[in-house]
Amino acid sequence: GTTMDATTNIALPTDRMLARIDGAVGWIVFNNPARRNAMSQDMWEAVPLALDVMEADPAVRVIVLTGAGDRAFVAGADISQFNELRSSPETVAKYDGISDEASRRIARSPKPTIAMIQGYCIGGGVGIAVCCDMRIASEGAKFGVPATRLGLGYGHGGVKRLMDLVGPSHTKEIFYTARHFSAQEARDMGLVNRVLPEAELEPYVAAYCATIADNAPMTMFALKRTVEELLTLAPGADLAESDRLVAACFASADYIEGRTAFMEKRKPVFRGS
């Protein structure tokens, strides 16, 4: 790509998501910096719309997902919406349907995808990052999944994508502790491919995209689908039981306590029911 490449902005129904095509690179930007790019329902809904345009354009050879500003990639879901949007079984199902579809679309995209990560990559942010083919982070990036601090259930789709990257033991450690991991720890676990000094992150990703953009799209697509198939679950996995256990988390008093304590900025007291 030359500096002559035109930039095309993609119109989306929410200003909390930005999307543009810059030469061979599609950029999807989580643009809610006042809330560290926490994902609201309208943001999840915009992801497939941006991908529709980029996937239909043969000039786009690689897609980068990143957060606005340098403080966060995505710092999780917008928990302030949970009492309204994720408190009953019906609203949980609707929200999860929208966020699952966005995640599935990222994971299934026929184009190579890169998560460029600065600052906080927490909860739903990790969920989005692991849907991408590669993750490239700055040294100051922080990773974590706080599900056990909120008492919410974490669906097997997201668990599988994380586990395929970091293995079962690190997956358990990430969930059991709910703590923040440094970029270096994330790299050691296999959660990120590269860690770069802050100033080098964007130039590195730009060069990385240029390399990928020169390669054969059909070969990459065939490889992507082959890897996906090779990772499919063995027959006999009881995912209905997993779904029941996740639903029980969302129906629990502990989940109400978890999100109430979060909003009240206090330590939750969990009772296991």
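Which value, in debye to the nearest 20, gives the size of the charge dipole of the chain about its Cα centre, when Lys and Arg are +1 and Asp and Glu are -1 at the Cβ? Walk me through the numbers on the way to the answer.
Numbers: 29 positive and 33 negative charges, 132 e Å.
Charge dipole, the chain, about its Cα centre: 640 debye, nearest 20.
Binning the C-alpha pair distances of region 1-140 at 5 Å intervals from 0 yields a P(r) profile of 2, 11, 20, 24, 20, 13, 6, 2, 1, 0, 0 %, listed from the shortest bin outward. In region 156-239 the Cα-Cα distances spread across 10 Å bins starting at 0 as 13, 32, 35, 17, 2 percent of all pairs.
Here the Debye sum runs over all C-alpha atoms of region 130-273 as equal scatterers in vacuum, and log10 of I(q)/I(0) at q = 0.10 Å⁻¹ comes out as -0.49. Across region 51-89, the residues whose backbone nitrogen lies under 19 Å from the label position 7 Å along the beta-carbon direction of residue 264 are 79-84, 87. List the lysines whose Cα sits under 18 Å from the Cα of residue 111, skipping any in the same chain fewer than 8 residues away. List returned: 224.
What is the ratio of the Cα radius of gyration of region 68-141 to 2.2 N^0.38 Å, where N is its residue count, to two decimals? It would help to have the intermediate numbers written out before the result.
On the way: Rg = 13.6 Å, N = 74, 2.2 N^0.38 = 11.3 Å.
Compactness ratio reported: 1.21.
Approximating the spin labels as points 7 Å out from Cα along Cα→Cβ, the residue 71-to-residue 193 distance works out to 2.9 nm. For residue 172, the lysines whose Cα falls under 26 Å of its own Cα, not counting residues fewer than eight places away in the same chain, are 142, 160, 265, 267.
Size descriptor for region 109-192, Kirkwood hydrodynamic radius: 12.7 Å (Cα pairs only, one decimal). A simple charge model with +1 on the Cβ of Lys and Arg, -1 on the Cβ of Asp and Glu and nothing else charged puts the dipole of region 74-162 at about 280 debye relative to its Cα centre. Think of it as helices only: each DSSP H run of n ≥ 4 in the chain is worth -39500 (n - 2.57), and spread over all residues that comes to -15000 deg cm²/dmol at 222 nm.
Antiparallel beta bridges, as assigned by DSSP with both residues in the chain, represent about 30 percent of the total such bridges. For the chain, the longest principal axis of the C-alpha atoms and the axis of helix 217-230 are separated by about 20°.
Karplus-based coupling profile of region 195-210, in residue order and whole Hz: 10, 10, x, 2, 5, 9, 4, 5, x, 5, 5, 4, 5, 4, 4, 4, with θ = phi - 60° in 6.51 cos²θ - 1.76 cosθ + 1.60 and x standing for Gly or Pro. Per residue, the chain exposes 49 Å² of solvent-accessible protein surface, assessed with a 1.4 angstrom probe and all protein chains in place.
Taking trypsin sites (Lys or Arg not before Pro) across region 17-91, none is in a DSSP loop with at most 12 further Cβ atoms lying within 10 angstrom of its Cβ. For residue 64, nonlocal amide neighbours, meaning residues 5 or more places apart or on other chains whose placed amide H falls under 5 Å from its own, are 26, 27, 28, 114. A Förster radius of 41 Å, combined with the Cβ-Cβ distance separating residue 87 from residue 234, puts the computed FRET efficiency at roughly 0.70.
Principal-axis analysis of the Cα atoms of the chain puts helix 41-56 at an angle of about 30° to the longest axis. Here the dipole of region 214-273 is about 400 debye; that uses its Cα centre as origin and unit charges on the Cβ of Lys and Arg (positive) and Asp and Glu (negative).
Considering all C-alpha pairs of the chain, those separated by over 33 Å amount to 18%. The distance separating the Cα centre of region 83-133 from that of region 181-229 comes to 19 Å.
Can you tell me the orientation of helix 239-250 relative to the chain, as the angle in degrees between its alpha-carbon axis and the longest Cα principal axis, to the nearest 10? For 239-250 against the chain, the angle is about 70 degrees. Farthest towards the positive end of the charge dipole of the chain, among the residues 130, 89, 268, is the Cα of 268, using unit charges on the Cβ of Lys, Arg, Asp and Glu.
The values are calculated or read from the model by the stated rules, or taken from the named source; none is laboratory data. Here the structure is a predicted model, which means the values were calculated and not measured. Counting neighbours? That spans all protein chains shown, and the Cβs are built from the backbone with ideal geometry, glycine included. Protein only, heavy atoms only, side chains kept; ligands, DNA and RNA dropped before computing areas. Shrake-Rupley method; radii C 1.70, N 1.55, O 1.52, S 1.80 Å.
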